[in-house]
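Below is one structure; the comments refer to it alone.
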Amino acid sequence: MPERTFDGRKRVVIEKITPAVDNGRFPIKRIVGEKVEIEADVFVDGHDILRCGIQFRHQNEKDWREVAMTTLYNDRWNGAFIVTEIGIYLYTVVAWVDDFESWRRDLAKRTNIEDIALALQTGAMLIRAGEERAVAARHNNDAQQLRLWSETLLDDKSIEERRSFALSDELAQLVAAYPDRTLASRHEKEFTVVVDDKQALFSSWYELFPRSVNTPPLRHGTLKECIPRLAEIAAMGFDIVYLPPIHPIGHTNRKGRNNSLITEPGDPGSPWAIGDKAGGHKSVHPELGSLDDFRELVENANNLGLRVALDIAFQCSPDHPYVREHSQWFHWRPDGTVQYAENPPKKYQDIYPLNFETDDWKALWEELKNVFEFWIERGVRVFRVDNPHTKPFPFWEWLIREIKHQYPDVIFLSEAFTRPKVMYRLAKLGFTQSYTYFTWRNTKWEITHYLNELTRGEVREYLRPNFWPNTPDILHAYLQFGGKPAFVSRLVLAATLSSNYGIYGPAFELMEAQPREPGSEEYLDSEKYEIRLWDTDRPDSLSQLITRINQVRRENPALQQYRNLQFFPVDNDQIICYAKWSKDYTDIIITFVNLDPYHTQSGWVELPLDELAIDPHHPYQMHDLLNDERYLWNGANNYIELNPQISQAHIFKLLRHVRTEHDFEYYL
């Protein structure tokens with residue numbers, strides 16, 4: 001931004017603009033079509049009347065647009081603009097003293113004839129100045145009208161008659177169209193908004209290991225075999241199918257089943273141990289197929305309304321071409337060997353981490369950016385980034401900015417289960433969505449407090465949570481011991497608390513729940529280390545419930561947001577209740593979940609009738625969107641009971657009583 005010339009005549013103070021992440025160091029996030037609501041403290045010495053506006057523009061626009069702000073209380077102003085394109089918007093606040101309105105206000109208070117006569121002369125001067133600005137704007141008709149008004153204030157009519165003209169709303173509106181902004185103050189910062197398409201805010205993910213998409217006898221699946229499976233995933237209502245790394249897998253120190261250091265013939269290794277003689281991050285595992293097969297998979301997915309998300313893991317097996325061609329990109333130990341990855345006591349002997357402090361860091365950065373560009377050019381627009389918290393923050397800020405400058409529709413999901421401030425920093429740096437601690441928040445207190453943290457305050461402006469009840473790395477004890485009710489509970493919570501959610505399937509839909517050993521969150525016979533056969537047609541599959549929940553999410557706009565969440569009290573800590581509703585109240589969803597997977601739980605809920613626009617004198621209908629049952633409720637307090645053997649949750653659509661002018665009653 002060019003240096004501003006100081007002008008002591010500019011008196012208006014503008015401060016505390018919100019939203020602003022770290023005082024504008026990082027952008028806020030919105031999606032196309034959303035309203036960006038801005039507030040600021042704006043004031044001036046004395047008693048002059050102010051005018052205030054938001055200036056905004058898309059980064060590709062040269063000229064600033066402007067919308068007016070209005071006063072709230074105590075010199076606090078607010079206003080809003082709508083973002084209509086993907087990319088980056090800039091915004092700031094401008095304000096100025098409105099000399100004409102200040103004069104007009106004082107004129108209405110004057111009672112002395114001589115004071116009024118002198119004030120009318122001042123008013124005529126202000127109107128003539130407005131006339132000059134209208135001429136400069138080439139609005140000659142308005143300029144002519146302003147000249148007539150200024151002359152009227154000085155003609156031979158009575159003082160009261162001329163004052164009446166001066167105080168007319170018509171004159172005020174005309175002068176306001178040509179304000180004197182010579183001494184306008186403009187906030188020194190220009191804040192930014194990153195605007196994504198709708199899927200950044202509302203998406204349903206399904207994680208799939210392509211090598212396990214096969215038919216008996218057990219063998220390595222292919223990308224081509226995944227294509228028929230895509231139709232089933234789309235039919236369940238998912239819109240993103242996420243593939244773990246599809247690259248060649250190293251042989252040196254390859255892990256065996258259940259993370260064993262000893263491999264047996266045929267053990268496929270971990271997909272995250274990337275690279276062998278067949279290639280690295282820009283290659284497809286030969287047993288999965290070819291780049292042409294991958295392109296065909298992406299095209300078929302797109303035709304079904306699915307996006308393919310690809311896992312990007314910046315780490316290498318000892319056999320990766322980078323180790324041979326760019327040895328300077330790795331940590332070398334005193335004994336002449338490369339340092340493998342470890343997080344004591346965990347050891348990953350089959351993986352080499354990259355050395356981001358290498359003297360050749362610029363070339364490393366460029367090569368890693370090229371990995372993203374390689375797959376973008378082959379149709380991928382969604383990436384799940386593995387362990388970004390183990391790579392430098394400046395790298396991610398640079399890379400995401402570079403990629404989104406050329407491909408603004410790309411979505412980055414941050415897979416970082418680490419310290420909160422680190423997770424938040426990654427979101428600030430540009431990651432579109434973020435994994436969260438949802439998997440470990442299971443009690444009512446934990447869920448309520450964590451969701452309030454994510455949906456209140458500054459965090460909501462930059463972190464979009466993506467809730468996963470399970471991942472290939474995480475099988476929580478709640479799922480290990482809770483049976484089907486636990487899976488249903490976590491599914492409903494993930495899909496309705498957050499607007500972005502995902503499942504590691506088919507392990508989730510088939511309720512895989514056996515840990516590797518007691519106290520472990522690792523799966524027994526984990527798909528990370530072996531090929532699995534999944535019978536997705538099993539009669540006990542959760543696929544029908546998943547399909548219904550995804551349909552409910554798509555049909556109800558209230559569930560396509562996360563910042564509109566509000567919890568309601570239930571006098572039982574095993575039942576949680578929360579609501580989401582659209583701003584026009586046409587879509588109100590109230591969800592109840594029994595957090596106890598073993599026992600029937602009941603209690604009384606208290607709903608805020610005023611906030612939900614419910615007429616306290618009429619009953620209202622609660623339509624359960626999971627089983628199509630309907631209940632008629634009255635007043636704020638109502639009874640709820642959830643039996644795990646019958647129904648673990650309710651997703652209610654609230655239908656309120658409405659009376660028309662013809663006295664016809666219906667539910668909205």
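What to note about this one:
- Members of LYS62/LYS369; LYS362/LYS404; LYS10/LYS189; LYS62/LYS580; LYS35/LYS62 lying beyond 27 Å, as alpha-carbon distances in this model show: LYS62/LYS369; LYS62/LYS580
- Placing R0 at 56 angstrom, the Cβ-Cβ distance between ARG257 and ALA184 gives a FRET efficiency of 0.20 after rounding to 0.05.
- Between 0 and 90 degrees, the angle of helix 291-303 with respect to the longest Cα principal axis of the chain falls at about 50 degrees.
- Placing pseudo-labels 7 Å out from each Cα toward the beta carbon at GLN645 and ASP45 gives an inter-label distance of 7.9 nm.
- Placing a label point 7 Å from the Cα of LYS362 along the Cα-to-Cβ direction, the residues of the range 326-341 whose backbone N falls under 18 Å from that point are 328-329.
- Acute angle (nearest 10 degrees) that the helix 99-109 long axis makes with the longest principal axis of the chain, alpha-carbon atoms: 60
- Projecting the Cα positions of SER434, ILE400, VAL385 onto the charge dipole of the range 384-501 (unit charges on Cβ atoms of Lys, Arg, Asp and Glu, taken about the Cα centre) puts SER434 furthest along the positive direction.
- Mean Cβ count within 10 Å, highest first, over the residues of peptides 185-197, 307-319, 137-149, 488-500: 488-500, 307-319, 185-197, 137-149
- Given +1 at the Cβ of Lys and Arg, -1 at the Cβ of Asp and Glu and no other charges, the dipole of the range 36-103 around its Cα centre is 280 debye to the nearest 20.
- Seen from ASP628, the other residues with C-beta closer than 12 Å to its C-beta sum to a net charge of +1, counting Lys and Arg as +1 and Asp and Glu as -1.
- Fully extending the segment from ARG25 to LYS198, taken as 0.36 nm per residue of separation minus the present Cα-Cα distance, adds 59.8 nm.
- Per-residue extension of 0.36 nm, minus the Cα-Cα distance of ARG401 and LEU304, leaves a gain of 31.9 nm for this segment.
- Summing Cβ point charges (Lys, Arg +1; Asp, Glu -1) relative to the Cα centre of the range 325-397 gives a dipole of roughly 360 debye.
- On Cα atoms only, tilt of 543-555 relative to the major axis of the chain in degrees: 10
- The apolar share of the surface of the chain, taken as the fraction of accessible area on carbon and sulfur atoms (1.4 Å probe, ligands and nucleic acids excluded), comes to 50 percent.
- Here the gap between THR18 and ILE116, fully extended at 0.36 nm per residue and compared with their Cα-Cα distance, gives a gain of 31.1 nm.
- Where only DSSP H runs of four or more residues are counted, the chain gives -8500 deg cm²/dmol as its mean residue ellipticity at 222 nm, each run worth -39500 (n - 2.57).
- Dipole of the range 48-134 [Lys/Arg +1, Asp/Glu -1 at C-beta], most positive-end residue of ILE113, GLY87, ASN60: GLY87
- Cα-centred dipole magnitude for the chain, charges only on beta-carbon of K, R (+1) and D, E (-1), debye, nearest 20: 820
- Label-point separation, THR600 to GLU377 (7 Å along Cα→Cβ), nm: 6.4
- Sites LYS277 and THR586 - FRET efficiency at Förster radius 51 Å, r taken between beta-carbons, to 0.05: 0.30
The values are calculated or read from the model by the stated rules, or taken from the named source; none is laboratory data. All of these numbers come straight from a predicted model, not from anything done at the bench. Don't worry about glycine lacking a Cβ; one is built from the backbone with ideal geometry, like all the others, and counts go over all protein chains shown. Surface accessibility is based on the protein's heavy atoms, side chains included, excluding ligands, DNA and RNA. Shrake-Rupley method; radii C 1.70, N 1.55, O 1.52, S 1.80 Å.
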